[in-house]
Amino acid sequence: MDLEAVKRSLSGGEDGVDKTLTLSLPPKFYNSFVLGGLRVDSIRPGRVLCSFVVPPRSRAAAGNYLHGGVIATLVDVIGSAAIVSGGHTLTSGVSIDLSVSHMDAAFVGEEVEIEAKLLNDSKTLGVAAVEIRKKATGKIIAQGRHTKYLAVSSKL
């Protein structure tokens, strides 16, 4: 997959989201809830840098801060983008491990930066490290790791 296709999948195509990274969810759900407002600031092979302002729809019910489920989803989606930007054509695949360590909170209206780096790229596995931080200070909000099994195309 080329880098422009990865960028389109994160920032949205004509219908909001390129389906190569979000195969089973309705595009309007992803566009409006998780990826809405996400900007791709930089992309190169094996590295994706995005940013967005935390919207009210992404806040936790208990407070005015970014929901942990949204953070995990960002680790999943941006981590997958880093794996694909490394040269894999993702026709199918499955997350086999995803972990997130939360270190601080990001509040509604605050700008955050998400950086994903490809750590390991083999024929069937891709591993990405994802860091979410406050854009103004660089303070780390969360760190995640995403391991994805990359299905090999059948020759049948």
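Throughout, read-outs are computed from the coordinates displayed, never taken from laboratory work. This is a predicted model, so every value here is computed, not measured. Cβ sites come from the backbone with ideal geometry, for glycine too, and all protein chains shown count toward neighbours.
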Along Cα→Cβ, 7 Å out, is where each label goes; now give me the distance between the ones at ALA62 and LEU3 in nm to one decimal.
4.1 nm
Net charge near LEU49 (other residues with Cβ under 12 Å of its Cβ; Lys, Arg +1; Asp, Glu -1) is +3
Can you compute 3J(HN,Hα) from phi for each residue in segment 106-116, using the Karplus curve 6.51 cos²θ - 1.76 cosθ + 1.60 with θ = phi - 60°, rounded to whole Hz and x for Gly and Pro?
10, 9, 3, x, 8, 8, 10, 10, 10, 10, 10
According to a simple spin-label model (label point 7 Å from Cα along Cα-to-Cβ), what is the distance in nm between SER122 and SER42?
3.0 nm
For LEU74, LEU150, what's the fewest-to-most ordering of other Cβ within 10 Å of each Cβ?
LEU150, LEU74
Under a 5 Å amide H to amide H cut-off, with H placed in plane at 1.01 Å, what residues pair with ASP41 once short-range neighbours are removed?
LEU49, CYS50, SER51
